[in-house]
1. Please report, in debye to the nearest 20, how large the charge dipole of the protein assembly as shown is about its Cα centre when each Lys and Arg carries +1 at its beta carbon and each Asp and Glu carries -1 there.
2. Would you mind checking which residues have amide H under 5 Å from A:A264's amide H? H placed 1.01 Å from N; only 5 or more apart, or other chain.
3. Which pairs break 27 Å Cα to Cα here: A:K111/B:K22; A:K94/A:K290; B:K168/B:K247; A:K289/B:K124; B:K75/B:K124?
4. Can you check what the Kirkwood hydrodynamic radius comes to for chain C, Cα pairs only, in Å to one decimal?
5. Carbon and sulfur together cover what percent of the accessible area of the protein assembly as shown at a 1.4 Å probe radius?
6. Given the convex hull over the Cα atoms of region B:86-183, what projected area results after averaging over all orientations, in nm²?
7. Take chain B, connect every pair of alpha-carbon atoms lying under 10 Å apart with a spring to form a Gaussian network, then pick out the residue of B:F94, B:F220, B:F18 with the largest mean-square fluctuation.
8. Any chance you could list the semi-axes, whole Å, largest first, of the equivalent ellipsoid that the Cα gyration tensor gives for region A:4-322, using √(5λ)?
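The values are calculated or read from the model by the stated rules, or taken from the named source; none is laboratory data. Note that the coordinates shown come from a computational prediction; the quantities given were computed from them, not determined experimentally. Ideal geometry is used to build each Cβ from the backbone, glycine not excepted, and the neighbour counts take in all protein chains shown. In case anyone asks, the SASA skips ligands and DNA or RNA and just uses the protein heavy atoms, side chains included. Shrake-Rupley method; radii C 1.70, N 1.55, O 1.52, S 1.80 Å.
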Amino acid sequence: MSENIFEVENLSLHYLGRFGDKTHAVTDVSFNMKQGEILGIAGESGCGKSTLVSGLMGMCIPPLYPTSGDVRVRGESLMNRTVEDIRSNVLAQKVSMIPQGAFNALNPVRKIKDIAADVIAAHQKPGSSMKASEIYERLRSRFDLFGMDTDRVLNSFPIQLTAGERQRSVIGISTLLNPQMVIADEPTSALDVSTQKEVIKMIFDLLDKGIFSTMIFITHELPLLYHVADNIAIMYAGEIVEKGTAEQVVKDPRHPYTKALMGAMLSSEKSQRTRKPVAIEGAPPSLAKKIVGCRFAERCSFARPECKKNTQNIRMVGDREVRCEYAQ
Amino acid sequence: MLSNKSIVFSAKNISKTFGAGKKITTAVNNVSFDIYDGEIISIVGGSGCGKSVLAKIMLGLYGPSKGKFHYNGKKITNLKKHWNDVQSVFQDPFSCFNQFFTIRSQLEDAFNILKKKPSKEEIKRRVDEGLLAVNVTPSDIEGKYSFELSGGQMQRMLLARIFALRPKVLIADEPTSMVDACVRANILDYLMKLKEELQMTIVFITHDIGLANYVSDRIFIMHDGMIVNSGTPEEVLDNTRETHTLKLLDDIPEVHKKEWIKNSHRSKNKEAS
Amino acid sequence: MVKLLKNLLKSPMFVIGVSIFLITLAIAFLGPVFYDVDTNARDIVAGPYAPSSAEHILGTDHLGRDYMSLLISGLRSSLYVGFVAGIIATTLGVFIGLFGGFRGGWVDEVLNMGTNLFIVIPSFVILVLISSAVKDGRSLTLIGLIIGLTTWSWSARAVRAQASSLRSRDHIALARINGASSFTIVIKHVLPYLLSYVFMVFIMQISSGILSEASISMIGLGPLDSTSLGIILNQAKDNGALSDGIWIAFLPATLIITLTVFALYLVNTSMEGVFNPRLRK
């Protein structure tokens, strides 16, 4: 199985403002994923991560529009299709999303089992109707994998669950139909460290059991990505600035932005403890204007005068991609 | 070493319960501690451990159900007087400002709490000072509303408010949990700056023991409403056998950890590669 | 404020709604300037069902009263009832909803129970009962008052939901440790968030007031001191205009009610989309 399961080719997305102004939230993003790969995408808030997620699912709901490029799942393009088409033919089965706020994702007045049953019912083949008890059994056998009190969780309203149980239920529901691709958009950012670990453990369990195998995991926590992802792409101001294996990107970053991100991290390890985390001063450029030169130049501690003039393209440094012509 | 410092907060066997009868829940359970002048104390624990309730007790928003809680040796009775001295920054920067008024006017509103309210010019000068302390040029936020700023910028505004107001004590209730790693480093810097430059006593609430270690003089680990471990960062991080502390340490995903999640094919693959 | 208006004017729904409503207002208040309107509706000017003429544009009704004159004064009365009912229902609803939602605790529970009680009791039934009990003094103002006092409950519920979701926002906590009093907090930190909402509730209450009045008058329990659009319909019904197919007796009044309510509905819906404080800039 070495063919690409997920291909993103020069994807650019923009928001159309009320006065015809465009904000280019995602610019020229390309990557391929093989079966079984976990790709981590990291960057500060506002770097275009969440917009990219919409684009990767083909869910360009106005004011978001695709500018150019293509997204393919097993060769099937998701671009320029109607939202209804994507909803009924792609979501949940081919590409599924795990959202950040579990609370907003679950209808507060319905029990977990009803929300989950809807997903099954909505994607049944016409003619084959499952009995309620059959659906419940199917849910039970799936939720049993999650290490929770299955019957209680399924028969609860979202508000009766703890944050961790809610997030695990959301993951359970999103992966109910064994999707080929899972996109997790900051699934643990709102959780404390211990709950975060439980949720990641559950995702690993699902991977181990073959419920799904290919995943994009989005977060701003690079150390977390190091443990979760095989490969990591770093996003800045709508572009991927560095992409390589988790080992390469986290332990030996090459792009100045990745270096700066790692510098802002803390460690509780004894030898690292007194190292001062260094914040990156300044803010990313506004994407509503045309940007000349390197997008990170304003905040880059290695910037040279010509950086503000020369647009940076992805180039290979060793076997990784870096968007900086001076990176070694 | 702290014996010559005066005690700011003192808690003796305090508990806080909510509800009544069968539905009673204990958020803080028989907790005792002293916090000294000029310290940075971190209260660390998972969600629901009672750390936020404890913060609200210190802020005077809740009274303890049982036990004695004193600020400067006295019970908190007059809240407005209490807030002259004890102020707070909150967790969610997005909901901290009223979107119908400018950021600046809301920073200036903070001075309403002071018994001796400074003159208008003095307030303006101090707000400018506060903004500069968090590396924001005052003219940059002139006439701006909260929805024009990012979460990180708003969290800075909340700290600017503290730098301007200069309370004696700051209760920082998870100010880092909803912001990016970069902004987080900034916030930690500012907390330390508040301590060093303004000799502020700071209570820092967090679920990340790594952050607590970096800024604190002492750490309290909370679990199920109780303080299960306390001491200097070295004592708490290095020489402990206390299970909850070890779990909190173990749960942080850090790069140096070989196998963060055990017994999964995924993490084993990682180690092999 | 100017920006907001500009945004509103960009919405076709708003422009159409406001235009229709302004036209009805103009007919109601400027009509008497251009047309000889008899507000007491007593002058018999021609024979019953006289056809339209230069003097009487829409002809006369079954008694021989000028129909156009009746419509204009009827519209005035209907709008008046709508505003009285709207102001009372909105004020009451906002006050109760805001107080309960912001205070929380047992105060909220008691008020919420009262609100729900009013929601489940069909207000129209109360309206009928009170109207039939008050035989002599059934004035236009009283009808408006009764409508207002029976329909406030759902605006209270809407406002309460909004207010209690605001209560847990950190900016309220911040205002409190800034030393703001509860009154200041409500006025400065809660009400602005609800203002657009309150205005929309007000508009909906006006239109429901107009409709309630038309319904109560239609069944013969309307005001005794003036002519409203509902009374015109009631008289048309009582005199067999419906079965005899005398459309001029009921169609214009029905049309005016429908258009006014529709216009208010359009304004309300378009505002929902535009009345977002984030768009002020």
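1. That gives a dipole near 1820 debye.
2. Result for A:A264 returns A:V278.
3. Pairs exceeding 27 Å: A:K94/A:K290; B:K168/B:K247; A:K289/B:K124; B:K75/B:K124.
4. Numbers: mean 1/r = 0.0483 Å⁻¹.
For chain C, inverting the mean 1/r across all distinct Cα pairs yields 20.7 Å.
5. The computed percentage sits at 56.
6. On the way: hull surface 24.1 nm².
Taking a quarter of the hull surface, the average projection is 6.0 nm².
7. Of the options given, B:F18 has the highest mean-square fluctuation.
8. On the way: eigenvalues 253, 115, 59 Å².
Equivalent ellipsoid of region A:4-322: 36, 24, 17 Å, largest first.
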